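Below are the structure tokens for one structure; questions will follow.
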Amino acid sequence: MESIIKLVDKLNDSLGRSFAWLALLMVLVMGLIVVLRYVFQIGSIALQESVMYLNALIFTMGAAYTLKEQGHVRVDVFYNRCSKRTQKLIDLAGSLFFLLVSCGFIIWASWDYVSISWRIREGSAESSGLPLVYLLKTCLLVLPLLLILQGIAEMLKAFRDLKQQDSRSD
């Protein structure tokens, strides 16, 4: 159990920290777009689309890292007032009944959309846009898969902590 937790945590930690650097790249590209447009009167659809791609990558590759770091929104007003045991039960139930179900639904709802895009190797609707829309749409499947992995790791952590609390109270 510990090895699974460590493996998933390490994967999502590496992905989250690596893809966070894309935020800097996105700012630089946005600056370049502004300079090109307003100083040189040059517009680039491909550069504008690349900002959208970068934003999608930051979000999809960082969501599981954020879950690992307990950064997602929850009702902390109630959660913080609960005992550690109740918090672990909430974490366990929330991951099982909300996170995993939601991620399963996202995969189910996105599968055809993404597979059709891959089948036709979908590109930008703009003639000078980026030709890799099908790769961007793949993020719709990567996001829930990474969240499922991290959700399982979080459930295992909660289960482990509950078990340790029970053994200490005996």
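The values are calculated or read from the model by the stated rules, or taken from the named source; none is laboratory data. No experiment lies behind these values; they were computed from the predicted model shown. When we count neighbours, we look across all protein chains shown, and the Cβ atoms used for this are built from the backbone with ideal geometry, even at glycine.
Rundown of residues vs (1) over 22 Å from the mean Cα position of the chain (by Cα); (2) surrounded by 14 or more Cβ atoms within 10 Å (Cβ to Cβ); (3) of a type in the set (A, V, I, L, M), yes/no style:
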position	(1), (2), (3)
Leu7	no, no, yes
Lys10	no, no, no
Val27	no, no, yes
Asn55	no, no, no
Met61	no, yes, yes
Cys103	no, yes, no
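Which of the following residues is under 28 Å from Leu47 (Cβ atoms) and in contact with a helix residue (DSSP H, G or I) (Cβ under 7 Å, 6 or more places away or on another chain): Leu132, Leu149, Leu136, Leu99?
On inspection, the qualifying residue turns out to be Leu136.
Okay, next question. Quick check: is even one residue across the stretch 117-128 among the β-branched types (Val, Ile, Thr) and assigned to a helix (DSSP H, G or I)?
no
Also, I was wondering about something else. Looking only at the stretch 108-122, decide whether some residue is surrounded by 17 or more Cβ atoms within 10 Å (Cβ to Cβ) and either of a type in the set (S, T, N, Q) or under 16 Å from Gly62 (Cα atoms) (or both).
yes
Something else: Among (1) within 30 Å of Val73 (Cβ to Cβ); (2) modelled with pLDDT under 95, which single condition is Leu141 missing?
(2)
Do we have Leu57 as under 16 Å from Lys157 (Cβ atoms) and touching a residue at least 40 places away in the same chain (Cβ under 8 Å) here?
The answer is no for Leu57.
Still on this structure, I have one more. Lys68 fails exactly one of the following numbered conditions: (1) over 30 Å from Gln165 (Cα atoms); (2) among the basic types (Lys, Arg); (3) within 24 Å of the chain's Cα centre (by Cα); (4) surrounded by 14 or more Cβ atoms within 10 Å (Cβ to Cβ). What is the number of that condition?
Looking at each condition in turn, Lys68 falls short on (1).
Within the stretch 27-69, which residues are outside any helix (DSSP H, G or I) and small (Gly, Ala, Ser)?
Across the stretch 27-69, the qualifying residues are Gly43, Ser44.
Moving on to the next point. Can you pull out every residue in the stretch 76-101 that is exposed (fewer than 12 other Cβ atoms within 10 Å of the Cβ) and either touching a residue at least 40 places away in the same chain (Cβ under 8 Å) or touching a Gly at 6+ places or on another chain (Cβ under 7 Å) (or both)?
Lys84
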